[in-house]
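First up is the structure itself, then whatever we jot down about it.
The values are calculated or read from the model by the stated rules, or taken from the named source; none is laboratory data. Given the structure is predicted, the values throughout are model-derived calculations rather than measurements. Cβ sites come from the backbone with ideal geometry, for glycine too, and all protein chains shown count toward neighbours. SASA here: full protein model, heavy atoms, side chains in, ligands and nucleic acids out. Shrake-Rupley method; radii C 1.70, N 1.55, O 1.52, S 1.80 Å.
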Amino acid sequence: MSKIYVVGIGPGEYEQMTVRAAKALGSCDTIVGYTVYVDLVKEHFAGKEFLTTPMKKEVERCRLAFEEAARGKTVAMICSGDAGVYGMSGLMLEIGMEYPEVEVEVVPGVTAATGGAAVLGAPLIHDFALISLSDLLTPWEKIEKRLLLASEADFVICLYNPSSKKRHDYLKKACDLMMRYKAPETVCGIVGNIGRQGESCRVMTLEELRDTQVDMFTTVFVGNSQTKEIGGKMVTPRGYKNV
């Protein structure tokens, strides 16, 4: 039976790729992925065949992987972070129903939430919600409701895709929504280019975050009512008792 590995390659740095992910890529004939992600792994897996598609060509990319596997090749479909967190594993399993002769194995990776949390300190020690601000696939009204309810419930909130050229004011809008339930002085943090060249981080208040410029390579962390800044690090206590 032919095989496809759906592989989360982590934030981008080879050292943050799991051993299991590296073994999967090492064992395959062909690596398929979005152009930016393929460029991150090319130098470490020389000799492989690389096939790419641009952004917004996810379905075509999946079919390309299955067609290659149907020809008898062992294929890896790569995603940044974890393949099951805003990744390709769901779509691959759906399309895989059309290719019963191809086995699909999902290989997890380090997602931006955990990779960025390690850079900032310990912001996700307690319950947290992970929300993407991209309304490409999710209506803004639904994103807005999730931000409000997660804030009301005092979750730490991790935001993916906080800004783009078309959505330059979305983080400001999100902060205004969260401040209906979270105090302006809530401890927050941002991490840019996690695990890649130019990695940077900063701890600030929610009020300061509202007017901070970020991009698609930034992951945003908004604390709960107990989150503190300790020695320049963002730290959320594990519980609410005795704090």
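Can you run down the residue pairs with Cβ atoms below 6 Å, 6 or more apart or on separate chains, where the first is in the range 48-67 and within 20 Å of residue 93 (Cβ to Cβ) and the partner is surrounded by fewer than 15 Cβ atoms within 10 Å (Cβ to Cβ) and of a type outside the set (S, T, N, Q)?
The qualifying pairs are 53/60.
Testing residue 214 on (1) in a loop (DSSP other than H, G, I, E, B); (2) over 24 Å from residue 142 (Cβ atoms), one condition comes back false. Which one is that?
Failing condition for residue 214: (2).
Results for (1) among the hydrophobic types (A, V, I, L, M, F, W, C); (2) free of Cβ contacts under 8 Å to residues at least 12 places away in the same chain; (3) over 25 Å from residue 61 (Cα atoms), shown as yes or no for each residue.
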residue: 80; (1), (2), (3): no, no, no
residue: 105; (1), (2), (3): no, no, no
residue: 108; (1), (2), (3): no, no, no
residue: 134; (1), (2), (3): no, no, no
residue: 137; (1), (2), (3): yes, yes, no
residue: 144; (1), (2), (3): no, no, yes
residue: 149; (1), (2), (3): yes, yes, yes
residue: 155; (1), (2), (3): yes, no, yes
residue: 167; (1), (2), (3): no, no, yes
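So which strands (runs of 3 or more DSSP E) are wholly in the range 1-113 and hold at least 2 residues that are among the aliphatic types (A, V, I, L, M) and over 27 Å from residue 198 (Cα atoms)?
The qualifying strands (runs of 3 or more DSSP E) are 2-8, 75-79, 102-107.
List the number of the failed condition for residue 169; all other conditions in (1) at pLDDT 95 or above; (2) of a type outside the set (S, T, N, Q); (3) open to solvent by less than 70 Å² (accessible area, probe 1.4 Å) hold.
All conditions are met except number (1).
When the range 73-101 is examined, which residues are found to be closer than 20 Å to residue 48 by Cα and either open to solvent by less than 10 Å² (accessible area, probe 1.4 Å) or at pLDDT 95 or above (or both)?
73, 74, 75, 76, 77, 78, 79
Can you pull out every residue in the range 130-166 that is hydrophobic (A, V, I, L, M, F, W, C) and open to solvent by 20 Å² or more (accessible area, probe 1.4 Å)? Write out each step before concluding.
The initial filter retains those residues of the range 130-166 that are hydrophobic (A, V, I, L, M, F, W, C), namely 130-131, 133, 136-137, 140, 143, 147-150, 153, 155-159.
Within the range 130-166, 130, 136, 137, 140, 148, 149, 153, 155 meet the criteria.
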